[in-house]
Structures are given as C-alpha cells and as structure tokens.
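Each remark here refers to the structure printed beneath this line.
Please treat every number below as a calculation from the coordinates, not as lab data. Keep in mind the model is a prediction, meaning the values are calculated, not measured. Positions of Cβ are backbone-derived with ideal geometry, glycine not excepted, and every protein chain shown enters the neighbour counts.
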Amino acid sequence: MSVDTKSNANDLDALSKQLAALREDMSRLTHTVTGIAGRRGGNMASDIAEGYDEAKHYVEKTGKSAEHQLEATVATHPLLAIGLAAGAGLLIGAMTRR
C-alpha cells in the first residue's frame, strides 16, 4: 500500500468511528429528551386536571350563591319579580311575532 492509500484508509476508519460515536450520542440524547418530555407531559396533564377541578368548584359555588341571592331578592320583592317576568315574556312574545 502506498502512503496516501494508507492515510486515506486511516482517515476513513477514524471518520467511521466518529460517526458511530455520534450515532450513540444521538441515541442517548433522544432517550433523555423523550424521558423529559414524558415527565413534563404528565405534569401538564395533572395541572390541567387540577385547574379544571378548581374551575368546576368555583362555578358550582358561584352558581349556588347567585341562586340564593335571586331567591332572596324574589322573596323580598315578589311583585317586582312578577312584573319583570311578565315584561320579559311580553318582550320575547313581541320579538317572536315578527
């Protein structure tokens, strides 16, 4: 073998080893990123579920509070409530005739 051929073979062998090391590094990096993404995705799902539960409880509490306030107002001012209901009924009836 000539010196150039031997040098080219050594360069090719070194390049092959570097590519194999790069493939191994990429494989490890992919595994690490996959693990991190899995953990973050799990945390995100639990955060969303927790936020949904908090919103649900808030809406239930607020709805019950509004319902109690409405009942108290109707009990305090029954004639006003009847007048508002009749007026709303007449308004809706007039709008649907057209």
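If you take the C-alpha gyration tensor of the chain, multiply each eigenvalue by 5 and take the square root, what semi-axes do you get, largest first, in whole Å?
Working: eigenvalues 1265, 79, 6 Å².
Ellipsoid semi-axes (Å, largest first): 80, 20, 6.
Per DSSP H run of at least 4 residues, take -39500 (n - 2.57); add these up for the chain, divide by its residues and hand me the 222 nm value, nearest 500 deg cm²/dmol. Mind dumping the intermediate values first?
Values: 2 runs with 94 residues, N = 98.
Computed ellipticity for the chain at 222 nm equals -36000 deg cm²/dmol.
Taking the Cα centre of the chain as the origin and placing charges on Cβ (Lys, Arg +1; Asp, Glu -1), which of Leu80, Ala21, Thr96 is farthest toward the positive end of the dipole?
It is Thr96, whose Cα lies furthest towards the positive end.
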